[in-house]
1. Return yes or no: is T116 of a type in the set (S, T, N, Q), open to solvent by less than 60 Å² (accessible area, probe 1.4 Å) and modelled with pLDDT under 95?
2. Out of the stretch 113-124, which residues are in a helix (DSSP H, G or I) and in contact with an Asp or Glu (Cβ under 9 Å, 6 or more places away or on another chain)?
3. Within the stretch 87-102, identify whether any single residue is part of a helix (DSSP H, G or I) and within 23 Å of H325 (Cα to Cα), and answer yes or no.
4. Could you give every pair whose Cβ atoms fall below 9 Å, whose first residue belongs to the stretch 321-342 and is in contact (Cβ under 8 Å) with a residue 40 or more places away in the chain and of a type in the set (D, E, K, R), and whose second residue is open to solvent by less than 20 Å² (accessible area, probe 1.4 Å) and in a helix (DSSP H, G or I), counting only separations of at least 6 or pairs across chains?
5. From R229, R224, R178, R233, grab the single residue that is on the phi < 0 side of the Ramachandran plot and modelled with pLDDT under 95.
6. Select from the stretch 41-80 the residues that are in contact with a Gly (Cβ under 7 Å, 6 or more places away or on another chain) and of a type outside the set (V, I, T) and write down the one among them that is modelled with the highest pLDDT.
7. If the requirement is being under 23 Å from L43 (Cα atoms), among the β-branched types (V, I, T), free of Cβ contacts under 8 Å to residues at least 40 places away in the same chain and open to solvent by 30 Å² or more (accessible area, probe 1.4 Å), which of these qualifies: V122, V132, V89, V126?
Amino acid sequence: MDAITDLFSLAQQWLFEAVVQPLLFSLHMGNLLEDAYDATGWLLVGLLQLLVMVAVIGPLQRWRPAEPVRDRAAIRVDIFYTLIHRLGVFRVALFFMADPLFDELFGLLRVQGWSTFHVDEVWPGVTDLPLVSLVIYLVVFDFLEYWIHRGQHQLGWWWNLHALHHSQRQMTMWSDNRNHLLDSLLHDCIVVVVAQLIGIAPGQFIAVVAIMQLSENLQHANLRVWFGRLGERLWVSPRFHRRHHSIGIGHEWPTGAERAAGEGGHAGETVPSVGPRLGGCNFGVLLPWWDMLFRTSDFVVRYDPTGIRDQVEPDAEGRVRDYGHGFWSQQWQGLKRLVGRA
């Protein structure tokens, strides 16, 4: 673990000195060197993630696709989302917009006597071991992500933003970052606040985020793979998460008629007798344990079409909802849904 950390630090230092630092000086922004060094760490992680995606997950998709590739234009839009998130464009914007607010918030909390609770100090000599603390933080943040994800699906205003993520009918490894920018902003703010409150070190926070994001790339892949009866209950698979994106299943509780027909059932859930409502199944990001514990898991081995019901089922006036086809149109449609004008 220490060897990997040292190697990453050396690569970060080289990238900073060779590329980022000269660029900042040429732009007369030398006052941002300290923050830029931290940002270089995120940039390096993004580059490594893209390498793994192209070299490993991409060939897997071509080896055993869940469905034929039909809409390459939609995939290109998803690639754009991935690049602006993984190469730090969104994170830089978040830094300039939200960082001063975070500093003021945490300063106020400390003045009021709130101190950081360091999770890795609970059991000195054990929980502070690098590998042990990394596992602990992965579980803690995965639990947080489960409830964020449920909020995105069960709060109507939040779903109006998050629906963009589910509107992709051609899922691939690039689909994870297909989100409305306001949805991403809210999500990242919650994660950053919790990270500050539980005292995770910056290096471990980067590692946790990197592991979770790569796992999500695999889960969204156009890949007909499941991990077996035991493996499906230990780690979220592409099959498990595709069920979450399936039309009329993953983003809403099924209708009474669908339950009677034995389709889209979620163990232990009460469903309405008529019509769908916000809800869904398989919200876990890394671990399916939370879905199993809170009775939102669906382990049916199927590979159904993905998307949202109102994209394919016309309303009473014969219309289907438009979620946009390009980056800016998708962002605009999300804002219209948020204010009830879509």
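The values are calculated or read from the model by the stated rules, or taken from the named source; none is laboratory data. The shown structure was predicted, so the numbers you read here are calculated from the model rather than taken from an experiment. Neighbour counts run over all protein chains shown; Cβ positions are idealised from the backbone, glycine included. These area figures cover heavy atoms from the full protein model, side chains too; ligands, DNA and RNA do not enter into them. Shrake-Rupley method; radii C 1.70, N 1.55, O 1.52, S 1.80 Å.
1. yes
2. D120, E121
3. Our first condition is that a residue be part of a helix (DSSP H, G or I); within the stretch 87-102, this holds for 89-102.
Among the residues that remain, those that are also within 23 Å of H325 (Cα to Cα) are: 89-90.
Yes, the stretch 87-102 contains at least one residue that is part of a helix (DSSP H, G or I) and within 23 Å of H325 (Cα to Cα).
4. Short answer, once both residue conditions are applied: R337/L161; R337/A163; R337/L164.
5. Step by step, each of R229, R224, R178, R233 is checked, and only R229 is on the phi < 0 side of the Ramachandran plot and modelled with pLDDT under 95.
6. Among those residues, the one meeting the criterion is G46.
7. Values: V122 fails: under 23 Å from L43 (Cα atoms); V132 fails: under 23 Å from L43 (Cα atoms); V126 fails: under 23 Å from L43 (Cα atoms).
Step by step, each of V122, V132, V89, V126 is checked, and only V89 is under 23 Å from L43 (Cα atoms), among the β-branched types (V, I, T), free of Cβ contacts under 8 Å to residues at least 40 places away in the same chain and open to solvent by 30 Å² or more (accessible area, probe 1.4 Å).
Matching residues to (1) modelled with pLDDT of 95 or more; (2) open to solvent by 50 Å² or more (accessible area, probe 1.4 Å); (3) more than 21 Å from the chain's Cα centre (by Cα):
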position: E263; (1), (2), (3): no, yes, yes
position: S273; (1), (2), (3): no, yes, yes
position: L278; (1), (2), (3): no, yes, no
position: L287; (1), (2), (3): yes, no, no
position: R309; (1), (2), (3): no, no, yes
position: A316; (1), (2), (3): no, yes, yes
position: F327; (1), (2), (3): yes, no, no
